[in-house]
Amino acid sequence: MQKINKLYRGLIYILPAVLFFSYYLVIKLGASESMNFELSLPLIWLVVFDVVAFGIMIKKKILFKDFKKKWIWLLFPGFLTVSVLWSLNSLRGLLTVGILWFIYFAGYAFFSLRSILKEAGVKEIFWKMFFGSALVVCGWCLVQCILDLAGASRETSLMCAGCTYKMFGFPHPNGFAIEPQFMGNLLIAPAIVSAWFGLKKNKQYFWLFFIFAVTIFLTFSRGAIYAFVVAMIFMTVFEWVRQKDWRVCKTFLIIAAAFLFTLNLQGVMTQAGLTNDTYVDGVAKVINQLSLGIIDIRKSKSEILPEEANAPNLETVDEEAKEDKAVFDGYVEESTDTRVRLTDAALMVWRKDFKTIMFGVGLGGAGQALYVNGLSPAPKEIVQNQYASLLLETGLVGMVLMVMTLVLIVRAVYKNPAREVIWTLILAYGITVCFFAGLPNALHIYLLPAILMVILGDGKSLYRK
């Protein structure tokens, strides 16, 4: 029994590090017209963890402990499972619900086997892995930027196609994730927890908070940045109400310092890069993009020098000169417009008939539903908004059950000694899923709040009446 308990603890220790490798390394198993079949390290970890936890719970005879009291937690995943029966993409739905049940069981195991995590030294090792792996990945993000500016191939830097300096004049790293938005999203938990530790325990944690905030801004992901800033405002105000001490507002100063540091770094990278953009161009683009085009300090046409105005037309410039120009000169409206278009399309299909309004098109069927209704070019294109996607796939019944589950989670967190940091994290993740949908690249959203409730709190709140 000691060996399997040791294996269980080992899996908990490596969880924070494994989550960062959501795309690299990935095992490609093929593809269909509506989805790719891939295995990532976090998914492999999830399966192995559940098998180990299942074995321990069988031996301890606690597999169905308190099941009669907690059956209400299973209504939402139960309905999602049933919805596969009428899904327009039953294979995708089946795989999605499979991952969902693995996530649910992992959360159940965290709380049921919390006694294993109370052993001496366990929490200390977990926090070293939690913050240490985040620091290492932050370092890798900076290395990615340097490699990209040095002209290294994407195979070497692991940069995604839309992350290189060619897009804005400066690189924005994706780490070991598929896109920068997931990289930034992965750093939200370490950033929030380090800020909370800085306020509660040791001011030295504010240095970690600064580094994590810098890297979040460096990813240049609006979804991650907006969620991070809003969540930190919530946590800071929450702490101020409790303490009535304005010193808690130092988190705002650190965020501002991190933003200014990153803004200057992006300007320097633009100046040092291989495009014809300058430091000022880089800074102006960042502000223009993050403000959704509202703040525009880019050079206006009236400010263009005469020799620039008399420059030859781009069409007459040779290909080598064209490569010196960044693809985007500021706010990329297409990125926002695509998300809005897909969300509107999902709502349009959802309103199609009473059955869809109530029960949706079935789990995993959103992409296919948009495609057959002529609202997307391919079945692989999904709704980049988890709420709109869930509404289309599960209807009003699914949304009501989701809200009910969220209420249960909020109540459980309320009884936890670390409720403010858990609520802050849930709020941040709740905002981020407005910008994407799906499970494989976002397992941290569902696993980290649960494990942190056990590590930060007493782990009993889920079982209290």
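Against the criterion of solvent-accessible heavy-atom surface with a 1.4 angstrom probe, Glu179, Glu381 sort, most first, into Glu179, Glu381.
Over the C-alpha atoms of the stretch 120-271, the Rg to Rh ratio, Rh being the Kirkwood estimate, stands at 1.01.
About the centre of its Cα atoms, the chain shows a dipole size close to 3540 debye [charges on the beta carbon of Lys, Arg (+1) and Asp, Glu (-1) only; nearest 20 debye].
If Lys200, Lys299, Lys70 are ordered by their accessible area, calculated over protein heavy atoms with a 1.4 Å probe, which sequence runs from highest to lowest? Could the numbers behind the result be given before it?
Values: Lys200 85, Lys299 115, Lys70 50 Å².
My answer, sorted largest first, is Lys299, Lys200, Lys70.
Rounded, prolate or oblate, given the Cα gyration tensor of the stretch 75-186, with a/c below 1.5 counting as rounded? Oblate, because a/c is 1.5 or more while a/b does not exceed b/c.
The residues of the stretch 114-262 expose on average 40 square angstrom of accessible surface per residue, using a 1.4 Å probe on protein heavy atoms. Compared with the direct C-alpha span, the chain from Lys352 to Ile146 gains 69.2 nm at full extension, assuming 0.36 nm per residue.
Extension gain for Glu119 to Leu74 (0.36 nm times residue separation, less C-alpha to C-alpha distance): 13.2 nm.
Please list Trp127, Trp207, Trp71, Trp101 from largest to smallest accessible area, probe radius 1.4 Å, with all protein chains kept in place.
The ordering from most to least exposed comes out as Trp207, Trp71, Trp101, Trp127.
What is the stretch 103-142 by shape, rounded, prolate or oblate, if you read a ≥ b ≥ c off the alpha carbon gyration tensor as root eigenvalues and call it rounded for a/c under 1.5, prolate for a/b larger than b/c, and oblate otherwise? In terms of gyration-tensor shape, oblate. The HN-Hα couplings worked out from phi for the stretch 240-254 by the Karplus form 6.51 cos²θ - 1.76 cosθ + 1.60 (θ = phi - 60°) are 5, 4, 6, 9, 6, 10, 5, 5, 5, 6, 4, 4, 5, 5, 5 Hz, whole numbers, x standing for Gly and Pro.
Can you compute the equivalent ellipsoid semi-axes for the stretch 1-91, i.e. the square root of 5 times each eigenvalue of the Cα gyration tensor, sorted largest first and rounded to whole Å?
Whole-Å semi-axes of the equivalent ellipsoid: 28, 24, 10.
Quote to one decimal, in nm, the extra length available between Leu375 and Arg411 on full extension: 0.36 nm per residue of separation minus the C-alpha distance between them. List each step's numbers first, then the result.
Details: separation 36, 0.36 × 36 = 12.96 nm, distance 3.93 nm.
Working it through step by step, the gained length comes to 9.0 nm.
For Glu33 and Lys6, a Förster radius of 51 Å and the Cβ-Cβ distance give a FRET efficiency of 0.70, rounded to the nearest 0.05.
Amide H contacts of Glu38 (H built 1.01 Å from N, in plane; Pro and chain starts excluded): Leu29 sit under 5 Å, all sequence-distant by 5 or more or on other chains.
Note that the stretch 220-234 has calculated 3J(HN,Hα) couplings of 6, 8, 4, x, 5, 5, 4, 4, 4, 5, 4, 5, 5, 4, 4 Hz, one per residue in order, obtained from phi through the Karplus relation 6.51 cos²θ - 1.76 cosθ + 1.60 (θ = phi - 60°); glycine and proline are x. Spherically averaged projected area of the convex hull of Cα atoms, the chain: 25.0 nm². Both numbers refer to the Cα atoms of the stretch 180-237; Rg and Dmax are 10.8, 31 Å.
On C-alpha positions alone, give me the angle between the axis of helix 90-112 and the longest principal axis of the chain, in degrees, nearest 10. Around 60 degrees separate the two axes.
Heavy-atom accessible surface of Leu406, to the nearest 10 Å², is about 80 Å², with a 1.4 Å probe and all protein chains retained.
What ranking do 255-264, 159-168 get when scored by the average of other Cβ atoms within 10 Å per residue, highest first? Don't skip to the end; give the middle numbers.
Details: 255-264: 16.2, 159-168: 20.3.
Most protected by this proxy first, the peptides run 159-168, 255-264.
Amide H contacts of Lys325: Asn276, each under 5 Å away and 5 or more positions distant or on a separate chain (H built 1.01 Å from N in the peptide plane; Pro and chain starts excluded). With respect to the chain, whose longest principal axis is taken over its alpha-carbon atoms, helix 188-200 is tilted by about 70°. Tell me, what does the Kirkwood hydrodynamic radius of the stretch 127-194 come to in angstroms if you use every pair of distinct C-alpha atoms? The Cα-based Kirkwood calculation yields 12.3 Å. Dividing the summed -39500 (n - 2.57) terms of all DSSP H runs of n ≥ 4 by the residue count of the chain sets its mean residue ellipticity at 222 nm at -20500 deg cm²/dmol. Each label point was placed 7 Å from the Cα along the Cα-to-Cβ direction; for Ile62 and Lys299 their separation is 6.6 nm.
Compute the Cα gyration tensor for the stretch 320-415, then decide on rounded, prolate or oblate, letting a ≥ b ≥ c be the square roots of its eigenvalues: rounded whenever a/c is under 1.5, prolate when a/b is larger than b/c in the other cases, and oblate in all that remain.
Numbers: a/c = 3.45, a/b = 1.58, b/c = 2.19.
Taking the square roots of the gyration eigenvalues as a ≥ b ≥ c, the stretch 320-415 is oblate.
Binning all Cα-Cα separations of the stretch 137-176 at 5 Å, short to long from zero, yields these whole-percent fractions: 6, 32, 40, 18, 3.
The values are calculated or read from the model by the stated rules, or taken from the named source; none is laboratory data. None of these values were measured; they are calculated from a predicted model. With ideal geometry, Cβ positions are generated from the backbone for all residues, glycine too; neighbour counts draw on all protein chains shown. Ligands, DNA and RNA are stripped out before the accessible areas are found, and what is left, the full protein with its side chains, is counted by its heavy atoms. Shrake-Rupley method; radii C 1.70, N 1.55, O 1.52, S 1.80 Å.
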